[in-house]
Amino acid sequence: MSSFGETPTGSDSSTAERDSETLLEVEGLKKHFTTGSGLLSGLRVDPGSFPPVRREHERVRAVDDVSFSIARGETLGLVGESGCGKSTLGRTVLRLLEPTAGTIRFDGEDLASLGGEALRRKRAEMGMIFQDPHASLNPRMTVGTIVEEPMVAHGMLDGEGREARAKSLLEDVGLEAHHYHRYPHEFSGGQRQRVNLARALSVDPDFVVCDEPVSALDVSVQAQVLNTMARLQAEFGLTYLFIAHDLSVIRHIADRVAVMYLGTVVELAEKEELFENPQHPYTQALLESIPVPDPRESGTRGVLEGEVPSPVDPPSGCRFRTRCPVLIAPEGYGFGDAEWEATRGFVRAVKRRTFEPAPAAEVRERFFPEGVPDGEAGELVETALSLVSAAELEGLEEDARTARWHEASELLLESFAEESICARERPHYEVDPVYGDGEHLAACHRHR
Amino acid sequence: MTDPLLRVENLTTQFFTEAGTVRAVDSISFEVHEGEIVGLVGESGAGKSVASMSLLRLVESPGEIVAGEITYKGRTIFGLEETADGSLSERPEMLSEEEMRREIRGNEIAVIFQDPMESLNPVFTVGGQLREFIELNRGLSKRVAREEAIRMLREVGIPDPEGRYEEYPHQFSGGMRQRVLIAMALACEPSLIIADEPTTALDVTVEGQILDLVDDLQEKYGTSFIWVTHDLGVVAEICDRVNVMYLGEIVEQAPVDDLFYETAHPYTEALLESMPRPDLTVEEIQSIRGVMPSAIAPPSGCRFHPRCRYAREACKRVHPDPRRVATSADGETHRAACLRHDVFESGYEASAPLEHATALSDREVERPPGGEGGE
């Protein structure tokens, strides 16, 4: 199993900015959840085996073997679509969630092994800002109490000192000192997010995890909050792990960017490099799908087919392979490029059942206008074609039809997709950057 | 020019609340022609959703359409006339509630909402809901309607439509549910679809798929769209013409290219500047000062003036309506409601700049001096 960040500190010394020490270093981090809890959940009855009753829980591999490091004063952008595990990663890094495996070295100390009081004290150096500005502030507390709470928990200052600090923090984040006595409902979304900022900063942390801090805000307010966050970072020397689904926001605020897909980091590079020279097909697809606010720029969009698979049973090898537009041809069949592209299209169409049953010749013409591949590959395609041809499906019940489709799909997947290197090895490659000289990691076998 | 499919004139919708009258939509006018996608853009609270629901007369109490005229294919969806005693009453040719329900909603004008989970009934199968909708609206038999439903599901890109026909909404992902709603909207082959932030809740790759789908379907069926969104990226991608709304009013109306390249209203300009770009690295984004004020007591004069960097004395006094400020190459009108344009003859040039505007134009953006309570 390979993982990212096996060469963390060495290559980091390349730029002047990151000559500074590494503040956070995450290695081989995993967070798995078991589904269901309770006495009888997960009980499986299988009369064919002995004993006939088993208990087993499905494991959701929310974060699966992730490594990265963040230098002091840096912003690492963590981007991915919903369900990719980015929020879980953020929380696990702070040990708000218990990691399943891996190490989290913060300022030289392994957080994963800390416990109790030591961990609690360490937390004074870390803060978190959550996405929903309406749910993350207690409506019955005044803004002052909210901002002071972490200071109280860590026994910082006396009452007077805390009040003075809270008021000055409110001004730092762009609010007024007299807002100290107000309640959250008196504030707009953007202002609440500023209160969140003040609270996160109250114990003077070095490191702040920002989980989608601006995605609930309108564009104009979002810009205000982003600018404030950038100013505070400079002023207080903060290090951010900035989690977002919006690549535009990431491009604005991050120094380096990690792209997550289905629990793993698929690409990690300096910002300019990642946006201008993306090397992983998933990153490329993400970038191509964002609507660009320029009508003269006709974007290619919707380049990805299908949906993210379940993290309970993720694809082997490269997690992105089931949707990858450039899946590598399996060896041994002697596929030409065009042949493989046609075959790949056909395999996915059968799997997703996207065409209506038609005579085999018609389907063949549609997917293989140049003719089916030669040799063994061709025979397999022909077998699948006949399984789902109109003649075969005619008069069958729906269940039997579904079985036919399934059979064809299994045959094709096992013969082709599962044989590709993409299905057999977990990718991990370093590529030469074009922009800047930072490390560029891309988990794609095309770079082998 | 042919008659527009939909013409909206001076539409005004208000909500009568205890706190006062909310002027959610204030005298807006626009047209939708056959086969075009018209954008309705603005931030939350701009009135874009109320405006689009008013078109179907689906505004609920305490809201009410109080003025204006909505004409669809020559039929009057809403229209008032003055009676002998000086009060206003509905015009006789205005469609009745029954006619709206039977002939307009769904059949002629369909809606796609932002949250597909709220539009689908969780206790019925997806296929069943779609089939019933087709059965009732198109008068088909149950069996034919089922086939039609499966055909529509495949058309909007649902994999394995025969199998998924029997599944429930919770078994579908967000993107797939939105596809089901599009299938439902298209099922009666309406001439106009109102899409209210249909891709806002979706991930970008899924959003891309849906935008592609809309493009394809529009080409195939020639349906017109009113696309309600806050995302100028989506607007640039799919809209033909755009209306920018601010605090209940349309402040700029232009073909999409002109909106981005010949921007004529400071609000549109500020919106464009405040967006981080996916295609460029922008070191500093210019934010808009403050927040949108309440629609109960909107600012005097130009409603944007307290946040505008070009604001002058005249902007506090004179309330601009959208007027023609330019004509694009292909003869389309570009309207803007800003006194800086000559057509207004408001004495803007001669009046003194407002204090905050001077500060703003010095790029003093983060926190205006004298701070008026942040945003």
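Here are the numbers for this structure:
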{"read-out": "Average other protein chain Cβ within 10 Å of Cβ, residues A:397-409", "value": "1"}
{"read-out": "Exercise: per-residue mean of other protein chain Cβ atoms within 10 Å, A:220-232", "value": "6"}
{"read-out": "Whichever lysines have a C-alpha closer than 26 Å to that of B:Lys48, once near sequence neighbours (fewer than 8 apart) are set aside", "value": "B:Lys73, B:Lys316"}
{"read-out": "About the Cα centre, charge dipole magnitude for the range A:337-419 (Lys/Arg +1, Asp/Glu -1 at Cβ), debye", "value": "360 debye"}
{"read-out": "DSSP beta bridge pairing in chain B, given as percent antiparallel to the nearest 5", "value": "65 percent"}
{"read-out": "Distance between the range A:310-363 and the range B:166-200 - C-alpha centres, whole angstrom", "value": "27 Å"}
{"read-out": "Amide H contacts of A:Met260 (H built 1.01 Å from N, under 5 Å, at least 5 apart or other chain)", "value": "A:Val79, A:Gly80, A:Val266"}
{"read-out": "Candidates A:Leu23, A:Leu287, A:Leu393: whichever shows maximal mean-square fluctuation once chain A is modelled as a Gaussian network with Cα springs under 10 Å", "value": "A:Leu393"}
{"read-out": "For the range B:217-243 versus the range A:96-117, the gap between their alpha-carbon centres in whole angstrom", "value": "49 Å"}
{"read-out": "Candidates per GluC sites (Glu not before Pro) in the range B:1-46, loop by DSSP, up to 13 other Cβ within 10 Å", "value": "B:Glu18"}
{"read-out": "Charge dipole of chain B about the Cα centre (unit charges at C-beta), most positive-ward option of B:Val242, B:Gly208, B:Leu120", "value": "B:Leu120"}
{"read-out": "Choice from B:Gly331, B:Gly20, B:Gly208 showing the highest fluctuation, given a GNM over chain B with Cα pairs closer than 10 Å", "value": "B:Gly331"}
{"read-out": "Size of electric dipole in the protein assembly as shown: Cβ of Lys, Arg +1 and of Asp, Glu -1, about Cα centre, debye, nearest 20", "value": "1940 debye"}
{"read-out": "Cut-off 10 Å between beta-carbons: net charge of the residues surrounding A:Glu297, Lys and Arg +1, Asp and Glu -1", "value": "-2"}
{"read-out": "For A:Glu339, net neighbour charge (Lys/Arg +1, Asp/Glu -1) across residues whose Cβ lies under 12 Å away", "value": "-3"}
{"read-out": "Which of A:Asp337, B:Asp160, A:Asp218 has the fewest Cβ neighbours within 10 Å, and the rest in rising order", "value": "A:Asp337, B:Asp160, A:Asp218"}
{"read-out": "Order of B:Leu11, A:Leu94 - criterion: other Cβ atoms within 10 Å of each residue's Cβ, fewest first", "value": "A:Leu94, B:Leu11"}
{"read-out": "Gaussian network model of chain B, springs between alpha carbon atoms under 10 Å - residue of B:Ala357, B:Ala264, B:Ala19 with greatest fluctuation", "value": "B:Ala19"}
{"read-out": "For B:Val111, residues with placed amide H under 5 Å, excluding near neighbours", "value": "B:Gly106, B:Ile194"}
{"read-out": "For B:205-215, mean number of other protein chain Cβ atoms within 10 Å", "value": "6"}
{"read-out": "Relative contact order, percent, chain A [alpha-carbon distance under 8 Å, six or more residues apart]", "value": "17 percent"}
{"read-out": "Nearby aspartates and glutamates by direct alpha-carbon distance to A:Lys271 (threshold 13 angstrom, same-chain neighbours under 8 apart not counted)", "value": "A:Glu74, A:Asp255, A:Asp437, A:Glu439, B:Asp279, B:Glu283"}
{"read-out": "Local electrostatic count, B:Gly347, Cβ distance below 10 Å [Lys/Arg +1, Asp/Glu -1]", "value": "-1"}
{"read-out": "DSSP-loop GluC sites (Glu not before Pro) across the range B:190-299, with at most 16 other Cβ within 10 angstrom", "value": "B:Glu262, B:Glu283, B:Glu284"}
{"read-out": "Computed magnitude of the charge dipole of the range B:176-289 (debye, nearest 20; Cβ of K, R +1, Cβ of D, E -1)", "value": "440 debye"}
{"read-out": "Signed unit charges on C-beta, dipole axis of the range A:257-329, positive-most listed residue A:Val266, A:Pro281, A:Thr322", "value": "A:Thr322"}
{"read-out": "Partner lysines for A:Lys122 [C-alpha distance under 23 Å; skip if fewer than 8 residues away on the same chain]", "value": "A:Lys30, A:Lys31, A:Lys86"}
{"read-out": "Cα-based radius of gyration of the protein assembly as shown once divided by 2.2 N^0.38 Å, which approximates compact folds", "value": "1.03"}
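Quick note: the coordinates plus some simple rules give every number you see, no bench work behind them. Computed from a prediction, not measured in an experiment: that's the story for all the values here. With ideal geometry, Cβ positions are generated from the backbone for all residues, glycine too; neighbour counts draw on all protein chains shown.
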